Structures are given as C-alpha cells and as structure tokens.
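A short write-up of the structure that comes next.
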C-alpha cells in the first residue's frame, strides 16, 4: 500500500513538472503545444548523447541537456508558431502544426538513436531507502523533491517577479498587456524556454530512474495534460493536485485491475472530467480558445 | 501488378477514412484525433464476427457500422460542453482508451497478438480473395460513401454543419439544432470509418492494435488537411499523395529499418508545411479559422 503511494507520488512529480511547463505555455500562448511531449523525450536523449557519445561528465550533460531542451522549445516557437500567430492563425491551426512537429521530431529521434530502450550509464543507483514499507531509490527521491520544488518555484516566480507578472498579464489578456508596454512575443518566448526546461528536466529524471524510448513522451504528456485539465489551467496548486490525483489513481488502478490498465484508467478520468467539469477542480472558468 | 493493386486498395481505404473525418473536421469544423479508434472498432467487430460466428461479410459490415456509430455518440457527447482544443484533448483521450481496450482485453481481442486468419469476405455466392476483387469491392463501397457524403453536405443538414464551423453562436441564434447536428455528424463519420475498418480486416486478414494508434489518427487528419478540409475530392487526392509518395521513396532505395520513421516524418513535415503555407490544403476552402465579421 505504501509502495503504491510512493509510486503514485513519483509519477505525480514527473507529471507536475511537465504539466506546469505546459500550462505556462498554454496560459501565455493559448494553444495546446503538443510538441511539448517530444521536448520531454528530447531532454533525455540530449543527456544520453552528451554523456555517452561526447563523453561529458553526467552532471554537465544534464545541465547542457536542459539548455538544449529550452533551445528546442524556443525554436518551435520562433520557426513555426510565431509566424503562424503573426498571420492570425487560430489555436486549432497551431495545435495541428504542433502535431506535425511532434511527429517529425519523434521519428527523428528514432532514426538517430533507434527504437530500443536506452539507459544513461555511469550512475550507480545507490542503496535504496526504505520509508515505512516503501522502497525508493535516491534518483526517485531527487525526482519527487524536484517536482515539489518546481511547483513552489513556479508559483513564487509567477506571483512575485517582474517576468511572472508579465506572464500573468499576457495570460489574462495579451492585447491589453501589449498596450501596457509588455512585449507579448518575448513573454511567450520566455514561457516556452521555462516550460521546455521543466519538460526536459522531467525527461532526464525519468531516463535516470528507468530508461528512455523515442515514444516515451506521449504518455507522460497526456497524463500531464490530464493533470493540467483536472487541476485547472490557471492554478499551479490545482495542477499539483491534478498530478497527484492522476498519479495515485493510476497506481491504485494498477493494484486493482493490473498494470496494463493504468493508462486507460487515467484517460477515462480525463474524459469524465472534461465532460463534467472542464474548468478543472480549482479553476475559475473554462478556457475557451476562441473567445 | 499485385503490388500496384495493393497500393490502390490502400489509397481507396484511406480515401474512405479521410472522407469520414472530413465530414466531422472539414465540414463541421470539429477537429478530432480519434478516427483511427472508429476504424479499429470497425475492423475488430468484423474480424470477431467472422472468426467466431462465421457470419457473412455484409452482416459484419452492418454490425461494425452500428457499433462504431454508437462509439461516435459517446465521443460526441463531451463536444456539447467543450470546444476547440479541449475537445481535441477529449478525442485524444478516447483514442488512447480504445487502443488500450484493444490491447488489454486479451481473451476477447487477442491483445497485442491481434487476430489471425480473418476469412475473406463472402458476398452472396462469391468469395473475394484476390487483389482485383478486393479493389473493386473497396472502390464500390468508397464510391457509395463518397456519394452519401456528397448528399449530406449539399443537404440542409450539411448547411447546418457549415454554420457550426463558421459561427456556432449565430447558428444557434437562428434556431438551428446545433447539438443534434454535432452528435449526428460524429456518428455518421464514425460509421463511415468503420466501413474502412471492416474492409481492412477482411483484406489484410490479420489485425493488431498497432494499426489503430493515435499516429494513425494524426495521419488521417493530415490527409484531410493536405487534401483540403471541406472538399471531398480533396480527401481522395490527399490519400493518393500521402500513400503513393512514401511508396515511391521505397524505390529510391531507402534502408528498410528507417523507412517507417521516414514515412511518418514525411507526413509530419508535410502537415507543418501545409499548415504554414496553405492551411486550406490543395482543394479545400476551410483553413480552421473562424470568420470574424469586420476583420
């Protein structure tokens, strides 16, 4: 039982990192940046590439991988999304282009690295701790701590700093923010950079804990999206709550029905949530893309 | 020759799939990422009936259509409350759930092993087994679906679909039953996709869940967009291009291991390029933009 909670919380930590980044991008740019899934995957493969093919020390590889993830996210914004937005394309068009980016990059990774499981060597997983009756590895503890830290840090940045205020301004009304002297384009770019770092970080942590495959991003991304929608896009605590709910349900579902059903359970919850409460648990209003 | 017929059969199958999604996404403007789920429901229904009850093809086809239509109803219901990108998420979630059902109900669907030795379709006294016979059957059913789709979009019901796409609130204000039209177009589109699934299962004789993933759904919507949303001939043209061009790549000597990735990369790249430079597609008249008065 306690192991189930530990696994659920671990999954939630990953989801919350991906979901917070995704929500940040969604809040400022108002479309579902589907390619976020592949930024998560790319983070892991960047670290693998730097650590094994270039031979950099692990810590440095991870840091550089985060920078590269940010660059990837920003490139998607600058090369595809921004030109589309300039032309007044609807959020649906942006979503469709994001699907294209996702497919191209995922297949690119497949071609470069192959479809088999890859692990980042050089990290001794160390002794696993026992908390109560649950066994966790050091990487898993770091993952959970990082997840919690990301939630708190993002919430503080959004509330107190200048960049955070500008992000919230663009999120609530980009035209009005623009009139008040906020450069919406730069703010959106910043949210892509921060969001992509969070996704890349989550990808690296998953890769260090278990392994990576080119298609690993899709499921995590969908769970994160479920967490975001369940929690309500505009509320960071809501997203954390959503992530916990998705992670725990997934693992308790596994306990009840068997591991093959974990994704089906999570998505059934998402479907029900969308049908019953599209504004999320803590959200104030449903986000309508074409308001 | 058999290879050429095979490619033509695939083009016809994907034309049916693209037409079915075009009604939903191109004409009514409801972008959906679960067409492959309906396709799968059709394929599995036909396969299971043919394998277990040995029922004739036309009956299996009918059962597939009815079952997928009902599944369409399930997906359409959330669309009454949420719209645009949230609705896309809902269809995505449905797609994933269906995939996992096919993959995990092992005693029923065979799970990842799939279903083998699906019998060839029997029409009255003829058993279709060759490529040519199958091509004829697919084209005939495809033409029938094209004709039905054409009748639908030129009917008063079709005009309600346009109205939903262009300005849903206005359509509501004019007293159109928007909710009913949305549900209905979803059920019709799902039923048409099931026809393709039914044909596919009988043609390939072996199905497994990997043919009905979200990537397949993205391929179908790519065909609709590249061919042209809101144009039925566009869907046929889109299917022709997206099936034939990757087959041509095979002849310039692509290494087999990456051919699959290259094909998908090609779909993705084409989708991005079209969305940027020609969002209305080759023949379409709709670019997923709401027309705003005075802008």
Could you count how many residues in the stretch B:186-207 are touching a strand residue (DSSP E or B) at 6+ places or on another chain (Cβ under 8 Å) and crowded, with 23+ Cβ neighbours inside 10 Å? 3
Can residue A:217 be described as assigned to a helix (DSSP H, G or I), over 22 Å from residue B:103 (Cβ atoms) and within 14 Å of another protein chain (Cβ to nearest Cβ)? no
Among the listed residues A:71, A:79, A:16, A:62, identify the single one that is out of contact with any helix residue (DSSP H, G or I) (no Cβ under 7 Å at 6 or more places or on another chain), farther than 22 Å from residue B:266 by Cβ and modelled with pLDDT of 90 or more. A:71
Pick out the one residue from B:244, B:236, B:183 that is in contact with a helix residue (DSSP H, G or I) (Cβ under 7 Å, 6 or more places away or on another chain), more than 14 Å from every other protein chain (Cβ to nearest Cβ), part of a helix (DSSP H, G or I) and surrounded by fewer than 20 Cβ atoms within 10 Å (Cβ to Cβ). B:244
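A quick yes/no check of all residues on (1) more than 25 Å from residue A:113 (Cβ to Cβ); (2) within 14 Å of chain B (Cβ to nearest Cβ); (3) part of a helix (DSSP H, G or I):
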{"position": "A:42", "(1), (2), (3)": "no, no, yes"}
{"position": "A:46", "(1), (2), (3)": "no, no, yes"}
{"position": "A:51", "(1), (2), (3)": "no, no, yes"}
{"position": "A:59", "(1), (2), (3)": "no, no, yes"}
{"position": "A:67", "(1), (2), (3)": "no, no, yes"}
{"position": "A:72", "(1), (2), (3)": "no, no, yes"}
{"position": "A:89", "(1), (2), (3)": "yes, yes, no"}
{"position": "A:94", "(1), (2), (3)": "yes, yes, yes"}
Meets criteria (within 16 Å of residue B:265 (Cβ to Cβ), within 21 Å of the chain's Cα centre (by Cα) and surrounded by fewer than 21 Cβ atoms within 10 Å (Cβ to Cβ)) for residue A:114: no
Where residue B:176 falls short, out of the listed (1) touching a residue at least 12 places away in the same chain (Cβ under 8 Å); (2) assigned to a helix (DSSP H, G or I); (3) surrounded by fewer than 21 Cβ atoms within 10 Å (Cβ to Cβ): (2)
Inspect all residues belonging to the stretch A:156-179 and state whether any of them is farther than 23 Å from residue A:69 by Cα, part of a loop (DSSP other than H, G, I, E, B), touching a helix residue (DSSP H, G or I) at 6+ places or on another chain (Cβ under 7 Å) and at pLDDT below 85. no
Would you be able to say whether some residue in the stretch B:33-40 is assigned to a loop (DSSP other than H, G, I, E, B), buried (at least 24 other Cβ atoms within 10 Å of the Cβ) and within 14 Å of another protein chain (Cβ to nearest Cβ)? yes
Just need a number here: residues in the stretch B:230-250 that are within 17 Å of residue B:193 (Cβ to Cβ) and at pLDDT below 90. 0
Farther than 29 Å from residue A:274 by Cα, away from chain A (no Cβ under 14 Å) and without any contact (Cβ under 8 Å) to a residue 24 or more places away in the chain, is that true of residue B:47? no
Only one of (1) in a helix (DSSP H, G or I); (2) under 30 Å from residue A:63 (Cα atoms); (3) modelled with pLDDT under 90; (4) touching a helix residue (DSSP H, G or I) at 6+ places or on another chain (Cβ under 6 Å) does not apply to residue A:240, and that is (3)
Here is a list of conditions, (1) surrounded by 20 or more Cβ atoms within 10 Å (Cβ to Cβ); (2) under 19 Å from residue B:196 (Cβ atoms), and residue B:63 meets all of them except one; can you say which number that is? (1)
Selection from the stretch B:193-224 of residues that are more than 13 Å from the chain's Cα centre (by Cα) and either modelled with pLDDT of 95 or more or part of a helix (DSSP H, G or I) (or both): B:201, B:202, B:203, B:204, B:209, B:210
Which of the numbered conditions does residue A:76 fail, given that it passes all the others? Conditions: (1) within 13 Å of chain B (Cβ to nearest Cβ); (2) part of a helix (DSSP H, G or I); (3) within 20 Å of residue A:238 (Cα to Cα). (3)
If a residue must be surrounded by fewer than 18 Cβ atoms within 10 Å (Cβ to Cβ) and closer than 23 Å to residue B:232 by Cα, how many such residues does the stretch B:90-145 contain? 5
Wholly inside the stretch B:45-152, helices (runs of 4 or more DSSP H) that include 3 or more residues that are closer than 22 Å to residue B:235 by Cα and within 16 Å of the chain's Cα centre (by Cα) are B:57-79, B:84-104
Taking the options A:108, A:100, A:195, A:200, name whichever one is in a helix (DSSP H, G or I), at pLDDT 90 or above, within 14 Å of chain B (Cβ to nearest Cβ) and crowded, with 22+ Cβ neighbours inside 10 Å. A:100
Taking the stated definitions as given, is residue B:69 over 13 Å from residue A:271 (Cβ atoms) and surrounded by 23 or more Cβ atoms within 10 Å (Cβ to Cβ)? no
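The values are calculated or read from the model by the stated rules, or taken from the named source; none is laboratory data. Computed from a predicted structure; not experimentally measured. Cβ sites come from the backbone with ideal geometry, for glycine too, and all protein chains shown count toward neighbours.
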